[in-house]
Amino acid sequence: MPAVSDEGSLRHLLRRLEREVDEWRREPLKAVVARARVQRPLRRRQFHTFGERSIVHRPVWLYGADHIAIGSDVMVLEGCWLAVERQAWGARDVVMRLGDHVGIRVYCTLSAAHEVTLEDHVVLGSSVTIIDSDHTWQSGAPSVMASPLKTAPVRVGRGTWIGDRAAVLAGSDIGEQCIIGANSVVKGPIPDHSIAVGSPAKVVGSTR
């Protein structure tokens, strides 16, 4: 009798294991979350602050991360570029801030040389670029890489959705609960509850 019981327990364990493996295969987020739990001590050392249950999954570039504050329940997916540029390293305060419940899909670029803020519940589609600086030729050198940057802060308001491949440039101030259409280029203010599309982005409707 014990042998039969042991055999039944083994079959039950194998079936349970098969179900678990199948669930991990169908839901890749499980592996992402597990990896994030292991990496959490590293992330807390890297970033200025790193909130509970937040995930930064396989970034291609992290630069000046000690000047980046990440809230709780943030998800930054694979292939993203998060950089606080060297000229901002002397700042006393946080230079890049991601609020709570921010979602960033794959291959996005966030670059801060002055100040970039994504408020709570902001969501970025894939390949979005947010940058708070413009290159210049002020040094007289033939390459912009040898000249100083011109900077202005960028803010994306609470609950705003920015579509795939959009660009948000220096000096942009996007209000709350806006939609920025795919492939749009934002330069300047966008009022709360706006739907804005195009290059440059123009307000064409309301989210209310």
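General observations
- Among residues of segment 1-30 that are modelled with pLDDT of 75 or more, none has a Cβ under 7 angstrom from a residue that is surrounded by fewer than 10 Cβ atoms within 10 Å (Cβ to Cβ) at a sequence gap of 6+ or on a separate chain.
- Looking only at residues in segment 83-110 that are in contact with a helix residue (DSSP H, G or I) (Cβ under 7 Å, 6 or more places away or on another chain), crowded, with 17+ Cβ neighbours inside 10 Å and of a type outside the set (Gly, Ala, Ser), the one that is farthest from LEU124 (Cα to Cα) is VAL94.
- Residue in segment 69-77 that is in the same structural domain as PRO148 (by TED's automatic domain parsing), over 23 Å from ASP164 (Cβ atoms) and among the aliphatic types (A, V, I, L, M) present: yes
- Some residue of segment 145-163 being part of a helix (DSSP H, G or I) and either surrounded by fewer than 16 Cβ atoms within 10 Å (Cβ to Cβ) or of a type in the set (Asp, Glu) (or both): yes
- Some residue of segment 122-134 being in contact with a Pro (Cβ under 9 Å, 6 or more places away or on another chain), modelled with pLDDT of 95 or more and not basic (Lys, Arg): yes
- Odd one out for PRO200 among (1) out of contact with any Ser or Thr (no Cβ under 6 Å at 6 or more places or on another chain); (2) within 17 Å of GLU119 (Cα to Cα): (2)
- VAL60 being under 22 Å from ARG97 (Cα atoms) and touching a helix residue (DSSP H, G or I) at 6+ places or on another chain (Cβ under 7 Å): no
- Scanning segment 128-161 for residues being touching a helix residue (DSSP H, G or I) at 6+ places or on another chain (Cβ under 9 Å) and either β-branched (Val, Ile, Thr) or not assigned by TED's automatic domain parsing to the domain that holds LEU110 (or both) gives a total of 2.
- For beta carbons closer than 9 Å, sequence separation of 6+ or different chains, a first residue in segment 185-197 that is closer than 10 Å to VAL154 by Cα and a second that is surrounded by fewer than 17 Cβ atoms within 10 Å (Cβ to Cβ), the qualifying pairs are LYS187/PRO200; GLY188/PRO200.
The values are calculated or read from the model by the stated rules, or taken from the named source; none is laboratory data. Source: prediction; values computed, not measured. Counting neighbours? That spans all protein chains shown, and the Cβs are built from the backbone with ideal geometry, glycine included.
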